[in-house]
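The values are calculated or read from the model by the stated rules, or taken from the named source; none is laboratory data. Remember, it's a predicted structure, so these values are computed and weren't measured experimentally. All Cβ positions, glycine included, derive from the backbone under ideal geometry; neighbour counts span all protein chains shown.
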Amino acid sequence: MAATVRPATPPLPAYLAARVAAAEGRSAEAASGYAIALAGWPDDPALAVRAYREAMISGDEALALRSAQVMKAEQVAPLDVALLDLAIAARKRDLGGVDAAIARIDQGALAILSPALKAWVAWDRGQPVEPALDSAGKEPVARRLADEHRVLIALAGKRMDHAAARLLLETMRAAPDTRIGAAELMAGRGDVADARALMADPLVVATRKALGVKPSLGFGISQLLVRVGGELASDGPRPLVIALARTAAIADPGNDRARLLLAQALSKDEAWTAAIAALDGIDPRRAFAHRADIVRIGLLQAAGRDGEALMLAQRLAVAPGASVEDWQVYADQLIAAKRPADAVPWYERVTRGDPAVPWAAWLQYGGALDQAGRAEEADAALARAVALGPDQPLALNYLGYARVERGYDVPGALALLEKASKLAPDDASITDSLGWAYYKAGQTARALPLVERAVVGEPANSEINDHLGDIYWALGRHYEARYAWRAAALTADEAQMAEITPKLSR
């Protein structure tokens with residue numbers, strides 16, 4: 001009788017540790033714990049479901065397969081499990097495995113993928129693809145996917161010239177991910193001009209070496225999975241989007257767009273470590289490396305790794321050929337690091353580097369100047385923001401409030417703030433600005449109801465509570481003033497506390 005192999009760690013502690021790790025976003029540790037627990041409880045379907053989801057987040061393919069086997073045996077497998085089998089078979093060019101996975105997909109809600117999937121299999125076998133694509137019938141989503149992949153398959157089979165394909169994709173307003181796939185095929189055959197014309201992202205390097213690919217079954221299936229995942233990324237069910245992106249990367253390990261989509265989906269669940277890890281697989285020599293760096297900066301900051309985010313942003317900003325977006329990202333990181341004086345020259349570069357720079361860039365430039373104590377220059381930049389965005393409440397509010405604080409053209413500043421308030425009546429910060437401007441203009445009674453309403457909208461805002469305290473004090477309502485200042489002190493930063501503390505002792 002063969003000896004029973006037992007896990008080195010008892011399954012219950014491993015399971016509990018995995019639950020805690022999953023709750024805290026440590027997906028790799030969670031997957032490891034679930035793997036141990038599953039070894040001890042190999043027939044538990046509820047455990048298998050948890051293990052599968054964590055495996056898809058962390059990228060533990062072996063655990064995902066083990067969990068999938070348990071779920072299929074217990075008939076509780078979610079619809080995306082078939083995508084895992086499909087992706088692995090496509091990567092290995094196991095046509096029998098692909099056929100079996102498609103047969104299971106045909107039975108569920110993802111059957112809309114089947115016509116395009118079957119067409120790629122037919123292309124790989126050297127068979128006509130039209131029967132498979134035409135099987136989409138009149139179902140609108142399946143038809144749309146089939147039509148887009150008809151173009152990709154024609155490009156892969158060299159049955160359509162690039163200019164015609166580009167025109168067709170533009171005419172049908174094909175999804176960005178389909179256009180990227182077409183661009184990759186064109187670049188792979190040396191047509192960089194048409195490839196670049198299809199790319200909407202200026203940070204994607206459109207050269208033959210960086211962007212080009214050779215078509216394969218894995219490429220086609222991966223493109224389809226990314227296409228659907230990208231469509232669902234904003235509002236779709238997160239586990240399905242993660243599964244689509246993860247399996248797209250499995251089917252075609254060179255599909256860096258899939259890794260970007262995966263990072264995006266994971267970030268929406270605040271799985272910052274897993275999202276950053278998803279970007280680690282992107283080839284630094286390939287087309288999406290620069291875009292990945294920009295995304296990584298945001299993820300590092302969200303994960304509390306501000307120093308790393310700032311260093312990476314600086315490296316991009318000072319690199320030869322740095323773009324306006326690189327300067328913008330670095331300036332934003334400097335502001336987050338409370339270094340407005342250092343951010344000023346980078347925001348200035350942004351405003352000078354693009355003749356069509358929008359009002360928001362001037363607003364950020366003016367804000368940095370204001371925070372750096374360069375009031376007159378800030379006023380000019382903020383006025384430029386208002387000139388470019390005369391109906392933008394944020395620009396109107398910043399310029400109006402800054403002028404009120406300086407005592408400069410208070411009647412004109414009031415007019416700016418009144419317009420901002422009409423445009424955004426529910427914005428508590430703008431309501432507070434208008435109320436504070438009335439107070440500074442000597443209209444205290446008129447100011448009070450506005451600032452009281454602003455506090456209701458943002459009760460934890462220290463600046464608004466501080467303003468309310470000042471207005472109460474001016475009206476002789478000293479008890480209420482002290483209460484408002486104490487509320488302000490609860491969330492005030494160091495600079496704000498320096499102003500609030502003397503008031504509390506009145």
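Odds and ends about this structure:
- Counting only helices (runs of 4 or more DSSP H) that sit completely within segment 397-506, those holding 1 or more residues that are out of contact with any Lys or Arg (no Cβ under 7 Å at 6 or more places or on another chain) and closer than 26 Å to ALA378 by Cα correspond to 410-423, 428-440, 444-457, 462-474, 494-504.
- Scanning segment 253-279 for residues that are acidic (Asp, Glu) and more than 27 Å from VAL49 (Cβ to Cβ) yields a total of 1.
Quick grid of which residues meet (1) surrounded by fewer than 18 Cβ atoms within 10 Å (Cβ to Cβ); (2) in contact with a Gly (Cβ under 7 Å, 6 or more places away or on another chain); (3) under 27 Å from ASP94 (Cα atoms):
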residue: ALA183; (1), (2), (3): no, no, yes
residue: ASP194; (1), (2), (3): no, no, no
residue: LEU198; (1), (2), (3): no, no, no
residue: VAL204; (1), (2), (3): no, no, no
residue: LYS209; (1), (2), (3): yes, no, no
residue: PRO215; (1), (2), (3): no, no, yes
residue: GLY220; (1), (2), (3): no, no, yes
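- Those helices (runs of 4 or more DSSP H) of segment 27-139 in which at least 1 residues are closer than 20 Å to ARG246 by Cβ, considering only elements entirely within it, cover 27-40, 45-58, 61-73, 81-92, 95-105, 114-125.
- Inter-residue pairs, beta-carbon under 7 Å, first in contact (Cβ under 8 Å) with a residue 60 or more places away in the chain and in segment 22-46, second surrounded by fewer than 16 Cβ atoms within 10 Å (Cβ to Cβ), 6+ apart: GLY25/GLU270
- Segment 36-46 - residue that is surrounded by fewer than 21 Cβ atoms within 10 Å (Cβ to Cβ) and either assigned by TED's automatic domain parsing to the domain that holds ALA243 or out of contact with any Pro (no Cβ under 7 Å at 6 or more places or on another chain) (or both) and, of those, nearest to GLY236 (Cα to Cα): ALA46
- Cβ pairs under 8 Å, 6+ apart, first in segment 89-106 and under 14 Å from LEU65 (Cβ atoms), second surrounded by fewer than 19 Cβ atoms within 10 Å (Cβ to Cβ) and among the hydrophobic types (A, V, I, L, M, F, W, C): ALA89/LEU95; ALA89/ALA100
- When segment 230-272 is filtered for residues that are closer than 16 Å to GLY218 by Cβ, polar (S, T, N, Q) and not in a loop (DSSP other than H, G, I, E, B), only THR247 remains.
- Residue list for segment 258-273, restricted to those being surrounded by 24 or more Cβ atoms within 10 Å (Cβ to Cβ) and more than 13 Å from the chain's Cα centre (by Cα): ALA258
Condition check ((1) free of Cβ contacts under 8 Å to residues at least 12 places away in the same chain; (2) within 18 Å of LEU490 (Cα to Cα); (3) among the β-branched types (Val, Ile, Thr)) across all residues:
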position: ALA428; (1), (2), (3): no, no, no
position: SER433; (1), (2), (3): no, no, no
position: GLY442; (1), (2), (3): yes, no, no
position: ILE464; (1), (2), (3): no, yes, yes
position: LEU468; (1), (2), (3): no, yes, no
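- Where ASP235 falls short, out of the listed (1) at pLDDT below 95; (2) buried (at least 22 other Cβ atoms within 10 Å of the Cβ): (2)
- Search result, residues across segment 171-227 that are within 24 Å of the chain's Cα centre (by Cα) and at positive phi: ARG173
- Note on segment 329-372: residues that are outside any helix (DSSP H, G or I), farther than 17 Å from LEU310 by Cβ and modelled with pLDDT of 95 or more amount to 1.
- From ALA319, ALA302, ALA292, residue being buried (at least 17 other Cβ atoms within 10 Å of the Cβ) and either not assigned by TED's automatic domain parsing to the domain that holds TRP120 or not charged (D, E, K, R) (or both): ALA292
- Entry remark, segment 287-327: residues being in a helix (DSSP H, G or I) and within 20 Å of ALA263 (Cβ to Cβ) number 25 in total.
- Within segment 115-130, tally of residues that are more than 31 Å from the chain's Cα centre (by Cα) and under 18 Å from LEU95 (Cα atoms): 11
- Residue in segment 143-167 that is surrounded by the fewest Cβ atoms within 10 Å (Cβ to Cβ), counting only those that are of a type in the set (Lys, Arg) and either under 29 Å from the mean Cα position of the chain (by Cα) or not in a loop (DSSP other than H, G, I, E, B) (or both): ARG143
- Restricting segment 65-86 to residues that are under 26 Å from the mean Cα position of the chain (by Cα) and modelled with pLDDT under 95, the residue that is surrounded by the fewest Cβ atoms within 10 Å (Cβ to Cβ) is LEU79.
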